[in-house]
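Written below as C-alpha cells is the structure these notes are about.
The values are calculated or read from the model by the stated rules, or taken from the named source; none is laboratory data. Please read these numbers as outputs of a predicted model, since none were measured by experiment. Glycine also receives a Cβ, built like all others from the backbone with ideal geometry; neighbour counts cover every protein chain displayed.
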Amino acid sequence: MKFLIKNKIWIAIGLIWLFHLSGIIGVSLGYQDWFITKTPLNLFICLILFLWTFPMNTQKKILVFIAFFFLGMFSEWLGVNYGLLFGEYYYGSNFGPKVDGVPLLIGCFWALLAFITASMTEPLKLPIWIKLMLSSSLMVLLDFFMEQNAPKFNFWYFGGHVPVKNYVTWFIMGLLMHIVIWKTKIKGNTSVSYNLYLAHLIFFGFFYLLSVI
C-alpha cells in the first residue's frame, strides 16, 4: 500500500500509456471490434486514475467536477434530442450506458478534460486570458481528432459533416469551465494531466493520420 501511494503518479502514467498504446497496436492489427468496445472501460479507468492523482481532495473540487458533469450532460442532451449547440448527431453503442440518448461517460469526459487542460496551462508564465484561451483551444483540438474517428469507432454520428458550431460550442463551454476553475483556484497534478491528454491526442491523431495518408 505504501508503495502504491508513494509511486501513484508514475503508476497512473504507466497505466494510461499501457492502455492507449495497447489500443493503437490492437486496432492496427485488426482487433478493432474487441478494443473499441472496451472504450467505456478505458475511459472509466482513466477517470479513476485522474480522481486518484489529481487529486479530488476538497469539497470545492468535487462540487465543480459534479457541476461540469451535469453541464456536459445537459448540453449533450440538448444536442442529441434537439440538435442544439453542436448540430444534429446521435451516439452509437461504444460509449457505454446512456440516459435519454446521452452516455454517462461523456459528462465525465467533459469535466475531466476541463480539469486536465486547466492543469496543463496553470504553470505557464502567461497572462490569465491567454491561458484561458489556450486551455479551451486544447479541448477543441482533442475534440477535432475525436470527431474524425467517431463514426468508424461507433462513438457518435453527425447527419453530415461536423458543423463549425460544434467546435465553437466546445470552445465557449471550455472557456466558461476554465474561468470557473481559475476563479475557484483549483489546481491538480500537471504530470498526469499532460500524459492523459497526450495519450488521448496521440491515439485519435494516429488513426486520423492513417485515414488521410
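Side notes on the structure shown:
- Asn154 in a helix (DSSP H, G or I) and polar (S, T, N, Q): no
- Scanning the stretch 145-183 for residues that are at pLDDT 95 or above and of a type in the set (S, T, N, Q), we see that the one that is farthest from Asp33 (Cα to Cα) is Thr169.
- Check on Leu71, within 22 Å of Leu43 (Cα to Cα), buried (at least 18 other Cβ atoms within 10 Å of the Cβ) and not basic (Lys, Arg): yes
- Of Ile116, Ile181, Ile186, all but one fail to be crowded, with 17+ Cβ neighbours inside 10 Å, closer than 25 Å to Pro40 by Cα and either out of contact with any helix residue (DSSP H, G or I) (no Cβ under 6 Å at 6 or more places or on another chain) or among the hydrophobic types (A, V, I, L, M, F, W, C) (or both); the exception is Ile116.
- No other residue among Gly14, Gly72 is within 22 Å of Tyr167 (Cβ to Cβ), small (Gly, Ala, Ser) and outside any loop (DSSP other than H, G, I, E, B) apart from Gly72.
- Residue selected from the stretch 26-75 under the condition among the β-branched types (Val, Ile, Thr) and under 25 Å from Phe86 (Cα atoms), by the criterion nearest to the chain's Cα centre (by Cα): Thr39
- In the stretch 77-113, the qualifying residues are those that are out of contact with any helix residue (DSSP H, G or I) (no Cβ under 9 Å at 6 or more places or on another chain) and in a helix (DSSP H, G or I), and the one that is surrounded by the fewest Cβ atoms within 10 Å (Cβ to Cβ) is Tyr82.
- In the stretch 123-137 there is at least one residue matching the filter, namely being in contact (Cβ under 8 Å) with a residue 60 or more places away in the chain and either more than 21 Å from Gly205 (Cβ to Cβ) or in contact with a helix residue (DSSP H, G or I) (Cβ under 8 Å, 6 or more places away or on another chain) (or both).
- Cβ pairs under 7 Å, 6+ apart, first in the stretch 56-83 and of a type in the set (Ser, Thr, Tyr) and modelled with pLDDT of 95 or more, second surrounded by 12 or more Cβ atoms within 10 Å (Cβ to Cβ) and part of a helix (DSSP H, G or I): Ser75/Met173
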